[in-house]
Amino acid sequence: MGCKEDYSRKISERFWSQKDKGDLESQREETFIDDIVQKRHIERELLCSLDGIKTVFDGGGGSGRFSILLAKYGCRVTHYDISQSMIDKAKENAKAEGVLDRMEFVKGALEDIDRFPDHSFDLVMSFDAPVSYTYPHQNEVIKHLVRMAGKRIMLSVSSRLGYLPYLANPIQKNQFILNPECEDAWVKWCISNREQSIKDFIFDGEQVKRLYENGLSGGDWEIAEYERGESPWCITYTFLPDELKSILQACGVKNIALAGPGAYARTIPNELLVKIMNDPKQKEEFLNFCYVFDSNPYVCGMGKDNLLVKGDI
Ligand SMILES: C[S@@+](CC[C@H](N)C(=O)[O-])C[C@H]1O[C@@H](n2cnc3c(N)ncnc32)[C@H](O)[C@@H]1O
């Protein structure tokens, strides 16, 4: 591949190399309930798919939430990420978990994975949308991830149907705040900006229609700024469930299953979610049922940020 336009790489590297990114990514489940639901769903899906898996590639592995888990289960993991600060954080976490010797850390962009041979890992995975940050190369990146996989592929990408309701709800993240008293800067921002965000809100039919049609998290002006390499973060490409399925089918992936983590939790108000999370028994039962509900292919569109897909090679 060696993708021609290099703005997605440049912007991702700049954005994800900010100093506090690794720490923030490591603390997400302590502050937001939707992150707890998503992490639990992916963990569960991974652990029931490890049969015959000895080697793993984690593309955009971040602070190591999933790469370290699989190393703890005995896999040899190549943790690949564009950001040196994320890799440093992942190494620190892997050391604390005693699995450094089972992991290799490689700095690089998903846009450049053509250097890895065919079928070089039993399982190829990439979670929480790194593929979506490679726009306009997302389809090429998926093809290469499949090519590198020997047995199984598991990805989560930005979900178009899950993302669209945000455009009618600027306070969506408030629903998932676990503890309003906590010191986290994002939590504080969500709380202090709530009223103003409601006051300033106008439903923009054109914006919703555009995202529904082109899947891009930005208008013409933002896309032009991105293509000049000047925007602060990447334009995200959001996928539709059928679209993602077709791309994988065209690459020869079989037994494709889609899920929409966060779909069940999204229907419940904050006060009740917090109550459930603060009671260990209810929390376990709730997370178990979220997994069942969110795994139903018909709720893919109701999921939250991510669309999860797994399949066999
Ligand atoms: C939201 S985090 C997810 C991290 C991890 N997969 C997880 O679920 O905890 C996205 C990660 O993708 C990495 N990333 C973003 N764009 C990338 C690219 N083009 N190539 C490789 N990694 C990328 C970022 O540095 C960051 O660590």
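Listing for the model above:
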{"quantity": "Karplus-derived HN-Hα couplings along the stretch 175-182 (A = 6.51, B = -1.76, C = 1.60, θ = phi - 60°), whole Hz, x at Gly and Pro", "calculated": "4, 10, 5, 7, 9, x, 8, 6"}
{"quantity": "The chain - mean residue ellipticity at 222 nm from DSSP helices (-39,500 (n - 2.57) per run, n ≥ 4, rounded to 500)", "calculated": "-12000 deg cm²/dmol"}
{"quantity": "Surface/4 estimate of mean projected area, convex hull on alpha-carbon atoms of the stretch 161-313, nm²", "calculated": "11.7 nm²"}
{"quantity": "The chain: relative contact order in percent, alpha carbon pairs under 8 Å with at least 6 residues between", "calculated": "22 percent"}
{"quantity": "Partner lysines for Lys91 [C-alpha distance under 24 Å; skip if fewer than 8 residues away on the same chain]", "calculated": "Lys10, Lys19, Lys21, Lys39, Lys54, Lys72, Lys107"}
{"quantity": "J(HN,Hα) series, the stretch 71-87, from Karplus relation 6.51 cos²θ - 1.76 cosθ + 1.60, nearest Hz, glycine and proline x", "calculated": "5, 5, 8, x, 7, 8, 10, 9, 9, 10, 7, 7, 10, 5, 5, 5, 5"}
{"quantity": "Percent of beta bridges antiparallel (DSSP, the chain, rounded to nearest 5)", "calculated": "40 percent"}
{"quantity": "Rounded accessible area per residue of the chain, 1.4 Å, Å²", "calculated": "47 Å²"}
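The values are calculated or read from the model by the stated rules, or taken from the named source; none is laboratory data. Keep in mind that this is a model prediction, so the values were computed, not measured. Surface accessibility is based on the protein's heavy atoms, side chains included, excluding ligands, DNA and RNA. Shrake-Rupley method; radii C 1.70, N 1.55, O 1.52, S 1.80 Å.
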